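**Student:** One structure is given below, represented as structure tokens, and several questions about it will come after.
The values are calculated or read from the model by the stated rules, or taken from the named source; none is laboratory data. Fair warning: this is a prediction, and the values are worked out from it, not measured in the lab. Heads up, the Cβs are rebuilt from the backbone with ideal geometry, glycines too, and the neighbour counts pull from every protein chain shown.
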Amino acid sequence: MLTILNLPNFLTLLRLLAIPCFLILLEDGSFREALAVFFAAGVTDGLDGAIARLTHTKTALGAMLDPLADKLLLVSSFIALGFMHEVPRWLTVIVLSRDVMLVLGYGFLFMFTSQMMEIRPTASGKLGTFLQLMSVGLVLIRLAYGRVGGPLLEPAVFAFTGAVTASAGLQYMYRGLLWLQHHDTSEGGPRPSP
């Protein structure tokens, strides 16, 4: 029980609880407060991982909750900001589509192989997540305090975020197909043609 309720997991749970608060503030037009909650959630994301590594308190629960909290925060942010017309709808669709494809693909692989595939983040996946955070952050800063940088900064960040997120999604799909092919050949299934 103590390993489940350690400090990194507590910080992750706080981040999960911050999501509805963030969305309520955002929908109420309390943009400075929403930005503060979003920033605090980002800080706890960095802290929980660092504390878990430094204190050797990584848990299976933390390994599952941490990426879930990140995804829920980002997906809910993009949905809310998309409906508010503050981020392009095409970018919201790319972010959501990639995450839905990952979850469905992972479920598909488990359903057909009865084995869990370990999902390791790729460099493009990490960059995509960072750019998604940056996109949401730029919009929140603009809503709270006014535009940062020139008028081309946001569209450029949005375009780069969309491209990296889409390529990361394709990379994860490719990895999943390779894993499935390897699983088939190691289980005596159909062998790939030379």
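**Student:** Can you spot a residue in region 155-162 that is under 13 Å from the mean Cα position of the chain (by Cα), surrounded by 19 or more Cβ atoms within 10 Å (Cβ to Cβ) and either of a type outside the set (Gly, Ala, Ser) or not assigned by TED's automatic domain parsing to the domain that holds Leu96 (or both)?
**Tutor:** Narrowing region 155-162 to residues under 13 Å from the mean Cα position of the chain (by Cα): 161.
Then drop every residue that is not surrounded by 19 or more Cβ atoms within 10 Å (Cβ to Cβ), which leaves 161.
Of the ones still in play, those that are also either of a type outside the set (Gly, Ala, Ser) or not assigned by TED's automatic domain parsing to the domain that holds Leu96 (or both) are 161.
Yes, that holds for at least one residue.
Residue-wise test of (1) under 21 Å from Ala80 (Cα atoms); (2) at pLDDT 90 or above; (3) of a type outside the set (D, E, K, R).
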{"position": "Asp99", "(1), (2), (3)": "yes, no, no"}
{"position": "Leu143", "(1), (2), (3)": "yes, yes, yes"}
{"position": "Thr161", "(1), (2), (3)": "yes, yes, yes"}
{"position": "Leu170", "(1), (2), (3)": "no, no, yes"}
{"position": "Asp184", "(1), (2), (3)": "no, no, no"}
{"position": "Pro190", "(1), (2), (3)": "no, no, yes"}
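**Student:** I'd like to check something: does region 48-67 contain any residue that is closer than 21 Å to Glu154 by Cα and not assigned by TED's automatic domain parsing to the domain that holds Thr161?
**Tutor:** Taking region 48-67 and keeping what is closer than 21 Å to Glu154 by Cα, we get none.
Among the residues of region 48-67, not one is closer than 21 Å to Glu154 by Cα and not assigned by TED's automatic domain parsing to the domain that holds Thr161, which makes the answer no.
**Student:** If you don't mind, another one. Has region 2-14 got any residue that is at pLDDT 85 or above, closer than 17 Å to Val136 by Cβ, not assigned by TED's automatic domain parsing to the domain that holds Thr122 and not small (Gly, Ala, Ser)?
**Tutor:** No, region 2-14 contains no residue that is at pLDDT 85 or above, closer than 17 Å to Val136 by Cβ, not assigned by TED's automatic domain parsing to the domain that holds Thr122 and not small (Gly, Ala, Ser).
**Student:** Would you mind finding the one in Pro67, Pro88 that is touching a residue at least 60 places away in the same chain (Cβ under 8 Å) and not small (Gly, Ala, Ser)? Spell out how you get there, then give the answer.
**Tutor:** Working: Pro67 fails: touching a residue at least 60 places away in the same chain (Cβ under 8 Å).
Only one candidate qualifies: Pro88.
**Student:** Another question, then. List the number of the failed condition for Arg53; all other conditions in (1) surrounded by 20 or more Cβ atoms within 10 Å (Cβ to Cβ); (2) under 26 Å from Arg175 (Cβ atoms) hold.
**Tutor:** (1)
**Student:** Something else about it: Within region 58-96, which residues are over 29 Å from Pro8 (Cα atoms), touching a Ser or Thr at 6+ places or on another chain (Cβ under 9 Å) and surrounded by fewer than 17 Cβ atoms within 10 Å (Cβ to Cβ)?
**Tutor:** Of everything in region 58-96, just one residue is over 29 Å from Pro8 (Cα atoms), touching a Ser or Thr at 6+ places or on another chain (Cβ under 9 Å) and surrounded by fewer than 17 Cβ atoms within 10 Å (Cβ to Cβ), namely Phe83.
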